[in-house]
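No value in this document is a laboratory result; all are computed from the given coordinates. On a predicted model such as this, the values are computed, not experimentally measured, just so you know. For neighbour counting, all protein chains shown are included, and Cβ atoms are generated from backbone atoms with ideal geometry for every residue, glycine included.
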């Protein structure tokens, strides 16, 4: 049984949504320990239902700077990391500030040998029904080529434990031809090729979504822009489409007939329906849930943590980091 | 009357689509001169229909490197620029390689006083029905903060001649808070604020699409990634939605009832329905049409060139460049 430590105090709707998600996960068979203010958590349990709690008073708010996490050793997001470090849990889940989670993971878990900095890995849907792992999605805004190469290795380990055989690595660029890209990209591609990886070369965002690679490597600034551009475009398109549909009665009837398709569609494109982002490169499995996570999303994040523990993510990253270069 | 010089030989479907688009534009009242191989262009005219042709044998293919444009003074894309330089046309339109068009514009038109390098400006739809000008969309992959500030000035001039009063400038970043962004962004924001511009600060892609700014400034690498991510996401979403709709008969009927809405929607989100991208910072109006441009898109590019000449884009850029800082 894999015990998952969950930060009950992180997230826009914490602790309510977090506890509800944990309850859902426990009912589905997961083993969870909640970390946070016991007096606020306990009343949220259903009747005759118990989840172990590790009490702590302190919690990082969305207004607190990530660096303040350094001084607050007893805050909930640091406690979940300490539980993993001490072997009392096998994975950590937090839907609080990504920056705070990152700092806590580095401080209390530490990074793996050969991984200078952790990266945030996100999964994007592809047109061919597959998925592409994007990293870094926002942890490191300025990256040297060596760090990007390390992200590639970590991403490949993640893809492998997700069931992808010999994952193909793409380097995010503004054109596929060799020699395209900015200075960073042009310095990184030869370095990637010098590793024991299946490097397809430069990949554009459109190409990645069409299935050209399984792992897409970039710095955290560009990765974050890419994700937010995709999200913004989808939201814009859906909202303009909705406006056009409402203009005519035939549109309203058409939309009624299509409601099933729209629902299945939404499930397929929800970028974090699989639970959230994964922190790669730390000595333990860490899932960064969405700040707006509802109970379903929290339960999905817990399931995602469990999946990656069972699949041996950390050992695979260590193996890849020591042999992959 | 504004004469527009059109490169008949640039584009995937040149000269056929280009000539068809030029014919459409001339019928709509535009004054066009076609540049290219007369023997290939003339047979494409409808009966008893003439458009002036400036003949040249040479044309840049998509396989040619943009730098080869330097040696080929008589190629069609350079000829269109020379016509503008010599006052025989007021604007240039090419649907050929963006890199080649850029090199030709710099060589034969030159850049405006204070504009070190030209930028490519693209227009994106916003959720509020407005539009945001994104630049640089791909001309300069590595930019110093001074160059980004110059792009902001050029973008504001473009927004103003497009009818936006006191355009709001956003700096593309991965977070809105002051201090967010990579090194480049953090160095650029104070510089932008030191100019006579209405700077709203850091803007995320999602925020820009929601209407937080009228001009969105970034380097050409990130700008290109943003555009391709948005394009890829929309394509992915539309294709997944189509798949879901086809799964049930009610979906097919629903889609039939919605076909009008889908059509109007497509017109609204076509990122280049307005004609193409604009090269800013050169001594003349240059429209970079889409490589896959069909006749309608070519006609739209010609109309766009005409609009910006009439609105006094070049004079406005000069004014802004001399007074805006």
Length released on extending from residue A:252 to residue A:65, taking residue separation times 0.36 nm less the Cα-Cα span: 62.7 nm
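Kindly identify segment B:221-266 as rounded, prolate or oblate by the Cα gyration tensor criterion: order the square roots of the eigenvalues as a ≥ b ≥ c, call it rounded if a/c is under 1.5, otherwise compare a/b with b/c, prolate if a/b is larger, else oblate.
Working: a/c = 7.76, a/b = 2.24, b/c = 3.47.
Oblate.
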DSSP bridge pairs, segment B:116-271: antiparallel proportion in percent, nearest 5: 30 percent
Label distances, nm, residue A:70 versus same residue in remaining copies, Cβ-directed 7 Å point: 4.9
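Suppose a student asked you for the relative contact order of segment B:1-120, using Cα pairs under 8 Å spaced at least 6 residues apart; what percent would you report?
Numbers: 212 pairs, mean separation 36.1, N = 120.
Taking the mean separation of contacting Cα pairs over the length of segment B:1-120, I get 30 percent.
Determine the percent antiparallel among the DSSP beta bridges restricted to chain A, to the nearest 5.
Numbers: 11 of 37 bridges.
Of all bridge pairs located within chain A, approximately 30 percent are antiparallel.
If neighbour count is taken as other Cβ atoms inside 10 Å, put A:204, B:38, A:210 in order from fewest to most.
Going from least to most buried by this count: B:38, A:210, A:204.
How would you rank B:278, A:197, going from fewest to most other Cβ atoms within 10 Å of each one's own Cβ?
Details: B:278 30, A:197 22.
Lowest count first: A:197, B:278.
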Calculated [θ] (222 nm, deg cm²/dmol) that DSSP helices of n ≥ 4 give over the protein assembly as shown, each run adding -39,500 (n - 2.57): -14000 deg cm²/dmol
Percent antiparallel among DSSP beta bridges (both partners in the protein assembly as shown, rounded to 5): 30 percent
Simple label model, 7 Å out from Cα along Cβ direction - residue A:142 to residue B:58, nm: 4.3 nm
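Give the calculated FRET efficiency between residue B:196 and residue B:1 to the nearest 0.05, with a Förster radius of 45 Å applied to their Cβ-Cβ distance. Don't skip to the end; give the middle numbers.
Working: r = 35 Å, r/R0 = 0.78.
The calculated FRET efficiency here is 0.80.
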Distances in nm from residue B:48 to the matching label points in the other copies, shortest first (labels 7 Å along Cα to Cβ): 9.4
Per-residue average of Cβ from other chains inside 10 Å of A:237-248: 6
Prolate/oblate/rounded label for the protein assembly as shown (Cα gyration tensor, a/c 1.5): prolate
Neighbour-count order for B:221, B:262, fewest beta carbons within 10 angstrom listed first: B:262, B:221
Span from the segment B:69-131 Cα centroid across to the segment B:292-316 one, whole angstrom: 12 Å
Copy-to-copy label separations for residue A:28, where each label sits 7 Å from Cα toward Cβ, in nm and ascending: 5.3
Three-way shape label, chain B, alpha-carbon gyration tensor, a/c 1.5: oblate
